Amino acid sequence: MNIGRRHTTKAFPWRRSLWIASLLTPALVVMVLFVLWPLLSAFRLAFYEFNGLQPIGFIGFENFRKVLFEQPYSDWTFNALKHNIIAFVALMVFENGTAFLLAYALLKALPGHRIHQVIVFLPVVLSAVIVGFLWKLFLHPLFGLVNQTLALVGIGAIPWLGNEHTALGSVLFANVWHWLGFPTLVLLAGMQRVSKEVIEAARLDGAGDYVLMTRIIWPLIAPSVTIVTILTFIGSFNWFEIPYVMAGLTGSPGGATDVLGLYFYRTAFGSTTTGIQDFGQGSALAVMMFIIVAGVTAIALRYLRRREIEL
Amino acid sequence: MSRRRIGLALAAASFAWGLAASVAHATDISFWTWRQEDKAAYNELFADFTKANPDIHVKFESFPDENYPTIVSTALAAGKGGDVIHTHAYGWLEQFVKAGYFEPQDLTTVPSLANQPADALVAGTYRADKKVYSLPFASQTLGLFINKDVFAKTGLTPPTTWDEFITVSKALKDKGIYPLANGMGTSWFNEMFVAIFTNPFLGQDFVSDLTSGKTTFKDPRYVAALGKLLELRDYMPPGFEGIDYDTAGQLFISGKAAMLAGGSFDIASYRTQNPAINMDFVAPPMAKAGDTPQATKFFDGGYAVNAKSANKEAALKLVNWMGTKEFGDKFSALLGNISPIKGVVIKDELLAHVAKLNETAMPHINVVYFRFEKPTGSELLQGDITKMMSGSITPDQLAADLTSGLAKWYKPFQGK
């Protein structure tokens, strides 16, 4: 028996390797074709000058210099980047903050909590295009539900999406409405994993809801918070669909809702009504977005994982 | 099987063989466009073409407007794409020509180019080699839609000068009617809005000075014309900053608004949406009485032949046919567009009136002259105009931004 087994593994190691390779190959091919190759192409194109739609020569970091230091491109880049950062902070505070409170309320299993759980999660299953379109209608200055309601208390037509000061907030609000259910569910799952004995013990020691949330639940759901934070960061810096549907490719009004995703798309692929395509500058923007997302995610993960252990 | 049956079977087989052979010899070509809504009209036009050229069949293929440049450039880069491509004009076309994607057209390959007026041909010509790459298909006119029923009901007369426009607008507002339906919620149209109302204050001299390098957008004439736009805010619907061009169209055709700054490209659509509408399309208000009425005109695009087409001969034949009077007459009648082809008869009264406006119209400055390099005039203007209308920047700032942005590639503006 022993000899036989040794004989099998020694004589046919290639069979096992072949088996593993056959399992890995399809996924690897898909990854190389649809992830690695486009990524490397974007890296390559970012260093080329384009004449019309054809690369005509290697220009080093010129495309990066333009989008980062030459006006008006640099203004547009930093304006878009600023909105991505605002989106991340706002979503962390309002979306994930509300999600934490909602998850805690759902954890307490108050009457009707099951139906509330469904209601909170329902918008997540809708397409971003539908949500954007729906909120665009709700926020219409003349016929929208929001202004019609405000008119009942004497407030005049507010151009939510047309005013520089309210446009980004309105788009963010639609995003929160759309995605709120997701962090709620992740945090709720984390809270449900917290041992009942720990909560009971805290209660017996006289801990109220505030103390329970901040001193017991919050530290113990650190892994869920890590996931939610990282996904919010990635989502904020790849944000495209809802701003595109609600504010258009130009991030109107006057760039007030422009984000890196829109600016990249506009630069690389142009628009029928604004101008021409520049794959070089577009690729430079894409590479920058990749570096920001991958770099910050890697650093944040390291920090948040360490925090999980400390807590 | 009897001999008779065998004979019949052989006859049927030879008939089928012959039919298959004739079908095999026919050339199928495709026409790519962003005009999804024009499918029925184009199919009717292509049926006429096939009647005259039975060996060529044309397939209409349309793509969403917003993604059209991406789809076309990706396909052409891969050596694919339609045989005949519907293109936009000026700078949009130039980037495709630079990449070598389109076949040049001349009087040998496309004799019907001779039917095109000079200003139309500019829209399809590559500036560097002066060759035509896209046969122009329609001119578009920007001006003022007038809801005649609203004016009749209120006993007011449509304005022709700026002062009349303000007086009439005040009267309309007092009667609870939105004088001007437009808002600032659609970026691409905002640029048209600027052209419509500023051109009568600028005049042809300004265009000559601008294109010859004598002046820039910082010219006091341009800044003053921009300042006039601010006066319009009082006569636009409440919350106008967020009202898009589609909503403005609805306000106009439903009679809630009396006037709409718009394009002749919407005449057919407004008639379809409200067949009872009694409307006119006039030149926007003149600076003062006695001035020449000045609408704004530009050429929308054209028909180009894919340089990699396997059926180049058939494609050129189709494009040539699309430059004939026969095509132009039917095109204008079916699509309510003004064909630039010489001698085309426009039977529709309103459309004929628009064609008349074209005779004294100004060019759409940004589209015709400043969409060739990055940053385009359109990008710069569309970004700033909403800020100016909401009061966060002044007309001077907009003019300075436009000039300095364009100076990146437009040499006459450099150092000014």
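What follows is calculated from the coordinates using simple rules that are stated; it is not laboratory data. Everything quoted here is computed from the prediction, not taken from an experiment. All Cβ positions, glycine included, derive from the backbone under ideal geometry; neighbour counts span all protein chains shown.
Observations on the model:
- Other residues within the sphere of radius under 14 Å centred on the Cβ of B:T108, judged by their own Cβ, net out at 0 (K and R +1, D and E -1).
- Translational D in µm²/s for chain B (Stokes-Einstein at 25 °C, 0.890 mPa s, Kirkwood Rh from C-alpha pairs): 105
- Pairwise label distance in nanometres, B:K80 with A:A189, each label 7 Å out on the Cα-Cβ vector: 3.8
- Potential lengthening of the chain between A:Q148 and A:I86 amounts to 19.4 nm, from the contour at 0.36 nm per residue minus the alpha-carbon distance.
- Long-range tail of P(r) for the range B:100-178 (Cα pairs > 19 Å, %): 57
- Placing a label point 7 Å from the Cα of B:T161 along the Cα-to-Cβ direction, the residues of the range B:265-302 with a backbone N closer than 14 Å are B:285-293.
- Other protein chain Cβ atoms within 10 Å, averaged over every residue that makes up A:155-165: 5
- Per-residue Cβ neighbour counts within 10 Å put B:M389, A:M213 in the sequence A:M213, B:M389, beginning with the fewest.
- Here the Debye sum runs over all C-alpha atoms of the range A:90-185 as equal scatterers in vacuum, and log10 of I(q)/I(0) at q = 0.13, 0.18, 0.21 Å⁻¹ comes out as -0.54, -0.90, -1.04.
- For the pair the range B:198-231 / the range B:235-274, the C-alpha centres are spaced 27 Å from each other.
- Only alpha carbons enter this Debye calculation for the range B:269-349, each as an equal point scatterer, and the log10 of I(q)/I(0) it gives at q = 0.13, 0.23 Å⁻¹ is -0.65, -1.16.
- Cα centroid separation - the range B:371-415 against the range A:207-263, whole Å: 33
- Excluding exposed DSSP-loop chymotrypsin sites (Phe, Trp or Tyr not before Pro) (at most 16 other C-beta within 10 Å), longest clean stretch of chain A: A:144-239
- For the range A:228-268, fraction of C-alpha pairs farther apart than 12 Å, in %: 54
- GNM flexibility winner over chain A from A:A42, A:A201, A:A294 (Cα, springs under 10 Å): A:A201
- Span-rule helices in chain A, defined as complete DSSP H runs reaching 24 Å or more along the axis (Cα) with Kyte mean at least 0.0: A:13-31, A:73-90, A:279-310
- Cubic angstrom per residue, convex hull over Cα atoms of the protein assembly as shown: 296
- Rg and Dmax, both from the Cα atoms of chain A and both in Å, are 25.1, 91.
- Each Lys or Arg adds one and each Asp or Glu takes one away; over the other residues whose Cβ falls under 14 Å from the Cβ of B:V305, this sums to 0.
- Ordering B:V354, A:V124 by the number of other Cβ atoms within 10 Å of each residue's own Cβ, fewest first, gives A:V124, B:V354.
- The relative contact order of chain B, computed from alpha carbon pairs under 8 Å that lie at least 6 residues apart in sequence, is 24 percent.
- Within 10 Å of the Cβ of each residue in A:67-74, the mean number of Cβ atoms contributed by other protein chains is 2.
- Across q = 0.18, 0.19 Å⁻¹, the range B:73-205 modelled as identical point scatterers on its alpha-carbon atoms has Debye log10 I(q)/I(0) values of -1.03, -1.10, in the order of the q list.
- Rounded to 10°, Cα long-axis angle of helix B:187-211 versus longest principal axis of chain B: 80
- Positive contributions from Lys and Arg (+1) and negative ones from Asp and Glu (-1), summed over other residues with Cβ under 15 Å from the Cβ of B:K218, come out at -2.
- Here the 3J(HN,Hα) profile of the range B:96-103, calculated from phi with Karplus coefficients 6.51, -1.76 and 1.60 at θ = phi - 60°, is 6, 5, 4, 7, x, 7, 10, 7 Hz, Gly and Pro shown as x.
- Of all DSSP beta bridges in chain B, antiparallel share, percent nearest 5: 65
- Estimated from helical segments only, the mean residue ellipticity of chain B at 222 nm is -14500 deg cm²/dmol, where each DSSP H run of four or more residues counts as -39500 (n - 2.57).
- Structural size metrics of the range B:327-413, computed from C-alpha coordinates, are Rg and Dmax of 18.3, 49 Å.
- Relative to the longest principal axis of the Cα atoms of chain B, the long axis of helix B:349-358 makes an angle of roughly 70 degrees.
- Inter-chain neighbour count for A:138-149: the average number of beta-carbon atoms from partner chains within 10 Å of each residue's beta-carbon is 3.
- Over chain A, Cα pairs under 8 Å with separation of 6+ residues give a relative contact order of 25 percent.
- Value of [θ]222 nm, deg cm²/dmol, for chain A, DSSP H segments ≥ 4, -39500 (n - 2.57) each, nearest 500: -20500 deg cm²/dmol
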